[in-house]
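Student: Below is the structure I would like to discuss, written out as structure tokens.
Readers should treat all values here as calculations from the given coordinates under stated rules, not as data from a laboratory. Only a predicted model underlies this, so the values are computations on that prediction, with no experimental measurement involved. In this analysis, Cβ positions are derived from the backbone assuming ideal geometry, glycine residues included, and neighbour counts consider all displayed protein chains.
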Amino acid sequence: MLLNRAFTTILFATMILAKPTISRAEGPTYAERLGWPAGTKAVIFHVDDVGMSHNSNMGGVKAIEDGVATSLSIMMPCSWVPEFAAYVKAHPQVDAGVHLTLTAEWKNYRWGPVAGGKAVPGLVDGDGYLWHGVADVVAHATADELEAEIRAQVDKMLSMGIEPTHLDSHMGTCFVPEYIDRYVKVGIEKKIPVLIFGGHMQHIGAEATAFKPLVLSIAEKVWNAGLPVIDDLVTRPTNAEDYEQRKAELTKLLHEMKPGVTEIIVHCTVQTEEFSLISGSGPAREAELRLMTDPDVKTFIKSEGIVLTTWRELKQRRQHAEN
């Protein structure tokens with residue numbers, strides 16, 4: 001989950017209070033700047049929350065191997081990371097990043113910081129686990145503590161023998177104005193792409209026009225540091241309950257999508273009774289897995305001429321792109 005509704009409210013409210021200094025006129029999309037022809041729709045179907053549970057791992061594998069998903073990210077503080085780390089090492093072509101995890105939102109399944117509670121006391125609650133929500137993190141944790149935990153999670157993946165293809169943010173904590181510079185700082189320093197949107201923002205910008213200039217300034221900073229930037233982000237491709245309606249909404253989104261690089265976030269889980277003890281979101285996650293593996297979706301993507309890409313490819317293209 002990147003931007004849940006509660007966090008979206010916090011993010012937009014705080015960014016509206018910020019004082020952005022620059023904006024960029026409409027120009028070439030980041031897809032064009034990365035070397036694709038004008039008019040190209042390049043899409044990353046990204047699976048969040050891998051490593052959270054065995055069910056999540058199974059969903060991630062199936063979405064990548066049998067479906068149209070092209071990328072995923074791992075929640076390094078969680079208990080099922082070793083299983084998925086073994087899979088990535090056996091399948092090094094998998095586009096796997098760090099899903100920087102600064103919260104532990106479920107009631108009965110919790111996790112603590114990789115750095116340890118004593119190193120980052122502001123990130124933990126009275127029980128020693130990461131806070132349930134983003135607002136709690138903002139109220140208690142310093143930017144130094146957040147940066148320390150980001151580094152610990154990245155270093156943990158590296159120590160397991162996996163080079164992360166990118167960094168992104170569980171529940172969007174890293175996008176809070178007090179923290180976003182630290183998130184970007186680590187990515188630039190380690191030369192790891194970070195999820196930053198800075199193009200037309202057709203979907204992610206629909207509710208956030210007031211802070212678009214600020215986002216564009218951050219995106220240009222990342223681009224100028226030699227890392228890729230995407231044009232848009234879709235945090236929830238469909239809200240429908242009925243599966244066929246879900247599919248219709250996804251294909252409509254793909255058809256109406258503006259050219260550029262767009263990441264579409266999905267949560268894919270093989271639903272079992274065990275996962276229902278963690279969260280009631282299992283049916284929705286299973287439906288998104290079904291979308292990723294639906295032959296009709298794959299056929300539609302091909303018919304639309306949509307290019308499926310990865311963060312690894314974006315980094316490679318950025319290395320050869322003109323400034």
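Student: In a solvent-free Debye calculation with one equal scatterer on each Cα, what is log10 I(q)/I(0) for region 145-302 at q = 0.09, 0.15, 0.17, 0.18 Å⁻¹, listed in the order of the q values?
Tutor: -0.37, -0.99, -1.16, -1.22
Student: Same structure again: Give me the one-decimal nm value for the distance between modelled label points at LEU253 and GLU304, 7 Å along each residue's Cα-to-Cβ direction.
Tutor: Placing both labels 7 Å along Cα→Cβ, they lie 1.0 nm apart.
Student: Only Cα pairs under 8 Å and at least 6 apart count here; give the relative contact order of region 145-273 as a rounded whole percent.
Tutor: Computed over region 145-273, the figure is 20 percent.
Student: Tell me which residues come under 5 Å, amide H to amide H, from VAL120 once H is placed; ignore anything under 5 positions away on its chain.
Tutor: HN-HN under 5 Å from VAL120: empty list.
Student: Which order do the peptides 289-296, 114-121 come out in when sorted by mean C-beta neighbours inside 10 angstrom, highest first?
Tutor: In descending order of packing, they fall as 289-296, 114-121.
Student: Shifting gears a bit: Anyone know which of ASP242, ASP49, ASP95 comes out most mobile in the 10 Å Cα GNM of the chain?
Tutor: ASP242
Student: To continue, here is another question. Mind checking the full-extension length gain between ASN108 and ASP155? Use 0.36 nm per residue of separation minus the Cα-Cα distance, one decimal, nm.
Tutor: Gain on stretching ASN108 to ASP155: 14.2 nm.
Student: Give me the net charge of GLU145's neighbourhood, meaning all other residues with Cβ under 12 Å from the Cβ of GLU145; Lys, Arg count +1, Asp, Glu -1.
Tutor: The answer is -1.
Student: Taking other Cβ within 10 Å of each residue's Cβ, how do LYS190, LYS212, LYS302 sort, fewest first?
Tutor: Neighbour counts put them in this order, fewest first: LYS302, LYS190, LYS212.
Student: Another question, then. Would you calculate a helix-derived [θ] at 222 nm for the chain, using -39,500 (n - 2.57) for each DSSP H run of n ≥ 4 and dividing by the full residue count, to the nearest 500?
Tutor: The helix contribution divided over the chain gives -13000 deg cm²/dmol.
Student: Also, I was wondering about something else. Among CYS174, CYS78, CYS268, what is the fewest-to-most ranking by other Cβ atoms within 10 Å?
Tutor: Least crowded to most crowded, the residues run CYS78, CYS174, CYS268.
Student: State the Cα centre-to-centre distance between region 290-323 and region 116-159 in whole Å.
Tutor: Using only Cα atoms to place each centre, the spacing works out to 33 Å.
Student: Could you compute the FRET efficiency for ALA139 and LYS190, with r as their C-beta to C-beta distance and R0 at 30 Å, rounded to 0.05?
Tutor: 0.60
Student: Which of LYS89/LYS247; LYS252/LYS302; LYS62/LYS156; LYS190/LYS221; LYS190/LYS258 have a Cα-Cα distance over 23 Å?
Tutor: From LYS89/LYS247; LYS252/LYS302; LYS62/LYS156; LYS190/LYS221; LYS190/LYS258, over 23 Å: LYS89/LYS247; LYS62/LYS156; LYS190/LYS258.
Student: How far apart, in nanometres, would the label points at ASP125 and GLU273 be if each is projected 7 angstrom from Cα along the Cα-to-Cβ direction?
Tutor: Using points 7 Å along Cα→Cβ, the separation is 2.7 nm.
Student: For HIS203, HIS170, what ranking results if the residue with the fewest other Cβ atoms within 10 Å of its Cβ goes first?
Tutor: Ordered from fewest to most neighbouring Cβ atoms within 10 Å, HIS203, HIS170 come out as HIS203, HIS170.
Student: To continue, here is another question. Expressed as a whole number of Å, what is the distance separating the alpha-carbon centroids of region 54-68 and region 253-287?
Tutor: Computed from Cα coordinates, the inter-centre distance equals 11 Å.
Student: Suppose each label sits 7 Å from its Cα in the direction of the beta carbon; what would the GLU244-ASP181 distance come out to in nanometres?
Tutor: For the pair GLU244/ASP181, the computed spacing is 5.4 nm.
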